[in-house]
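Chemist: Structure in structure tokens, see below.
The values are calculated or read from the model by the stated rules, or taken from the named source; none is laboratory data. A quick note: this is a predicted structure, and the numbers were derived from the prediction, not measured. Side chains included, ligands, DNA and RNA excluded: accessible areas come from the protein's heavy atoms. Shrake-Rupley method; radii C 1.70, N 1.55, O 1.52, S 1.80 Å.
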Amino acid sequence: MRKLGPFEKPVCNAVTVYRERGNYLQRLEQFEKAILAYNEALRWNSSDVPSLLGRSLARAKATHYAGALEDVARAAELEPNNLTALQIKAQTEYEKCAFERSLVLASCGQNLRVLPPNFADCARCAEETIRECSGLSATKVMKSANTLLKDVELVDHMEKDIFEPVVMMRRSRMQKEPTHQIQEISRVEKQKTEHIARLMASKYLEQMAHDKHFLISLCKDERLMSSNKQGSKMLYELANKARADIEKRQAVLRERRPLYAARSAESEARARLSRARKERVSHAQKQHEVDAKRLIQTAKTIFEEHDTTKCLEAAEFAMEQISRKPANLLPDKEKFLVELYNLVANVFLDQKRFKETMSEEDREKRSFVLLGITVSREPSRDSVLRSRPMAPPRDVRRRLRTLERILSLNGRASERCYALHELARLHVDTKQAYKARFYAHKGQTEARSADQRIWLLNMTFLLARCHLLQNNRPEARAALIEGASLARSYGFADVAAFFDTCVNVSGEGEVGSSDALLVKREKEMVNLMQDDDLRSAAKYLFKRMSVIPASRRFSVLPGTHMDENATKIGRRVSIAPKTQQPTRIVRKFQHPLGFQEFDL
């Protein structure tokens, strides 16, 4: 080997040789051998910045990201203005899956140097990756990442403080409990931190999150210490090792997919679920609205055909179906119900109208039937007359509870009028005149105060029916006259004509059977007696009186009428009670003025 002269310098030294060897091996993608060459160069000179940057790049390509970042940090300390070190750090952070840090570093370097476009490529790749992970722009992602950064760092700091290595010592039972030190963070912040820690564990570990919580509680458990010191130490080491492995797994998964990306996916899933729920609710609203309109249109079609029974059934069915729908699925629920209440009011008012082609006999017959007065012949099959069967309905108690609940809710005026009218009509059908009259009076007051004219006319007619059920003919006549005057003032001439006809026939015929009233009054009189002997004697007396016909007994009970022409001289009177005679309708002939009828 030739010796150098006094003024000659070596062409290369050992640091250069090993560094160039590392660069050559790195181009051949032999990263482990390149790292060894860089190590040898740095052994000769630990402050060689190119060797540090070359080893950092080789470690990054060999997925040794922690060592790569340490070399870059050392090179940045030696040369703070070295942009190559900043570019390698940004690229390493990107390969480490810390996309937001890579984006920040590349953006800062791009402001300092435009060419070559290494910083621009790194920033573009980082931004595209963030958009693919979260589905949002980089600006929105960085905002959400900044809000989560403090909480995540606080969680990491707490976990490090909690699991510091402790000395296993056995404490005596006689020893006092150690006093708790004052916590630096508040209880609310601690709960928030624990919530974020559990959220992160569930996001990244899924089912293994339960194992992590179990190991954390096991490491804190005092029962882990026992008299077997070696066994306790072994168990403690195993538990801490398992916990550290799970936390390392969580850290790796978090580096691959940051928390903001998981939260962003959650928000997108919630948004999709919310949109699907809104679409489903909107579809249900449209369907319920179509069903409600169809039910109302069906009832209106039947009303135009003047089929009262079917129309009332269809309206009640529509009310039941619409009332079951919640308000969020049927926003116009109240409007549909008010429309049905007005339809029912018009249905009852339609009963109180005469056709122009009807004779006087048919008009009186309809008045008798609607007032509840029996007639000599079977009523006509006209649907207007069959508004409700004479027998009480089977579900009368449930119907009463439903109407009373509607009345207690204190809804709209039309709804209250409908409930009061149905309660009064139902009590009239069940022969409870006192309750029916109470609800009829209350309904009149409600209709007057709310200016419900149609319901007022219907309530007035029901009040007249209540008076006729109690054989109060003068009061029934007065109610009918009032109804006729109200109908004329409201402009219902045909309804006023119906009320006039009812005024003319209100004094004829019998209303229902009085046997039930007699039996009820007899029971009330017997219950008022205090003495048992007197009570039994009264029962025997009423039993004997019930055998004798009404024409042969003198009674102070209501509903009994003496028939003067019931007996004749020389004819034996039967002991069977006399049946009720229906009203006979006599045809009235209207003759012109000056007509005379001669008996030939």
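Chemist: Look through the stretch 503-525, keep the residues that are closer than 21 Å to residue 477 by Cα, part of a helix (DSSP H, G or I) and not polar (S, T, N, Q), and return whichever of them is modelled with the highest pLDDT.
Modeler: 503
Chemist: For the stretch 251-261, state whether one or more residues are modelled with pLDDT of 80 or more and either open to solvent by 100 Å² or more (accessible area, probe 1.4 Å) or assigned by the TED database to the domain that holds residue 326 (or both). First the steps, then the outcome.
Modeler: We begin by selecting, within the stretch 251-261, every residue modelled with pLDDT of 80 or more; these are none.
Looking through the stretch 251-261, none of the residues is modelled with pLDDT of 80 or more and either open to solvent by 100 Å² or more (accessible area, probe 1.4 Å) or assigned by the TED database to the domain that holds residue 326 (or both).
Chemist: While we're here: Does residue 190 qualify as being open to solvent by less than 90 Å² (accessible area, probe 1.4 Å), at pLDDT 75 or above and among the basic types (Lys, Arg)?
Modeler: Numbers: open to solvent by less than 90 Å² (accessible area, probe 1.4 Å): yes; at pLDDT 75 or above: no; among the basic types (Lys, Arg): yes.
Judged against the criteria, residue 190 is not a match.
Chemist: Any idea how many residues of the stretch 275-318 are charged (D, E, K, R) and farther than 24 Å from residue 370 by Cα?
Modeler: Of the stretch 275-318, the ones charged (D, E, K, R) are 275, 277-280, 286, 289, 291, 293-294, 300, 304-305, 307, 310, 313, 316.
Those still in the list that are farther than 24 Å from residue 370 by Cα too: 275, 277-280, 286, 289, 291, 293-294.
Final tally of qualifying residues: 10.
Chemist: If we only count helices (runs of 4 or more DSSP H) wholly inside the stretch 285-378, which ones have 3 or more residues that are open to solvent by 70 Å² or more (accessible area, probe 1.4 Å), modelled with pLDDT of 85 or more and small (Gly, Ala, Ser)? Steps first, please.
Modeler: Values: elements: 308-324, 333-350, 360-371.
Here the list is empty.
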